[in-house]
Amino acid sequence: MADLIRGKRIKAEAKGMDDFDRPLVNLPDGREIGQILLRDGTARDRRPGNRNDWCQ
């Protein structure tokens with residue numbers, strides 16, 4: 001993500017809210033920021049019934 005925005009002016013747009021009232025944010029080219037963070041390993045997918053290690 002840092003490589004995408006370093007030294008650039010960007011505009012991110014909220015395209016709705018998820019089930020937990022968090023904004024769903026896209027870059028102007030349509031890419032979803034959440035998906036970029038998941039792919040880069042910076043974020044983790046939250047799935048009901050699965051606990052992530054930060055919950056311990």
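The values are calculated or read from the model by the stated rules, or taken from the named source; none is laboratory data. Remember, predicted model here, so these are calculated numbers, not experimental data. Ligands, DNA and RNA are excluded from the accessible area calculation, which covers all protein heavy atoms including side chains. Shrake-Rupley method; radii C 1.70, N 1.55, O 1.52, S 1.80 Å.
Numbers at a glance
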| item | result |
| --- | --- |
| Amide hydrogen neighbours beyond the local backbone of Val25, cut-off 5 Å, H modeled | Lys15, Ile33, Gly34 |
| Phi-based couplings in Hz for region 18-31 (Karplus 6.51, -1.76, 1.60; Gly and Pro marked x) | 8, 5, 10, 6, 9, x, 9, 10, 10, 7, x, 7, x, 5 |
| Net length gained if the chain between Leu38 and Arg9 were fully extended (0.36 nm per residue, minus Cα distance) | 8.2 nm |
| Accessible surface of region 8-51 [probe 1.4 Å, protein heavy atoms]: carbon and sulfur percent | 46 percent |
| In Hz, Karplus ³J(HN,Hα) per residue of region 8-16 (6.51, -1.76, 1.60; θ = phi - 60°; x = Gly, Pro) | 10, 9, 10, 10, 9, 10, 6, 10, x |
| Under the Karplus curve 6.51 cos²θ - 1.76 cosθ + 1.60, θ = phi - 60°, whole-Hz ³J(HN,Hα) for region 32-47, x wherever Gly or Pro sits | 8, 4, x, 5, 5, 5, 4, 4, 7, x, 7, 10, 10, 6, 9, 10 |
| The chain, relative contact order [Cα under 8 Å, separation at least 6], % | 21 percent |
| Value at 222 nm in deg cm²/dmol, rounded to 500, when DSSP H runs of n ≥ 4 in the chain each add -39,500 (n - 2.57) | -5000 deg cm²/dmol |
